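See below for the structure under consideration.
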């Protein structure tokens with residue numbers, strides 16, 4: 001990962017709720033959009049559905065999360081970590097251990 005890309009991702013994760021969304025997807029494996037909405041609402045992480053959408057789009061745009069849209073009815077959008085996302089979360093966990 002390039003230095004500039006890393007800085008962009010870290011800057012994005014500093015936005016309210018983005019880091020928590022990444023960790024939630026990491027913990028759950030595969031999640032539906034509605035699951036993420038319910039999680040952030042229940043835990044009072046963010047108030048706006050738009051913030052969740054922006055967070056998931058950011059994570060997807062930077063290759064940390066893969067978005068899959070079902071072809072059936074109803075149309076469902078699921079998210080899961082990519083290999084890049086798994087490595088990134090692993091590195092963040094290592095940093096957290098060092099700071100404890």
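Looking at the range 13-25, which of its residues are in contact with a strand residue (DSSP E or B) (Cβ under 8 Å, 6 or more places away or on another chain) and surrounded by fewer than 20 Cβ atoms within 10 Å (Cβ to Cβ)? Hit for the range 13-25 is 24, nothing else. Each residue in the range 32-77 was checked for being surrounded by 14 or more Cβ atoms within 10 Å (Cβ to Cβ) and more than 19 Å from residue 13 (Cα to Cα), and 3 pass.
Would you check if residue 36 is farther than 23 Å from residue 6 by Cα and touching a helix residue (DSSP H, G or I) at 6+ places or on another chain (Cβ under 7 Å)?
yes
Bear in mind these aren't lab numbers, they're just calculated from the coordinates by the rules spelled out. In this text the structure is predicted, and so the values were computed from the model without any measurement. When we count neighbours, we look across all protein chains shown, and the Cβ atoms used for this are built from the backbone with ideal geometry, even at glycine.
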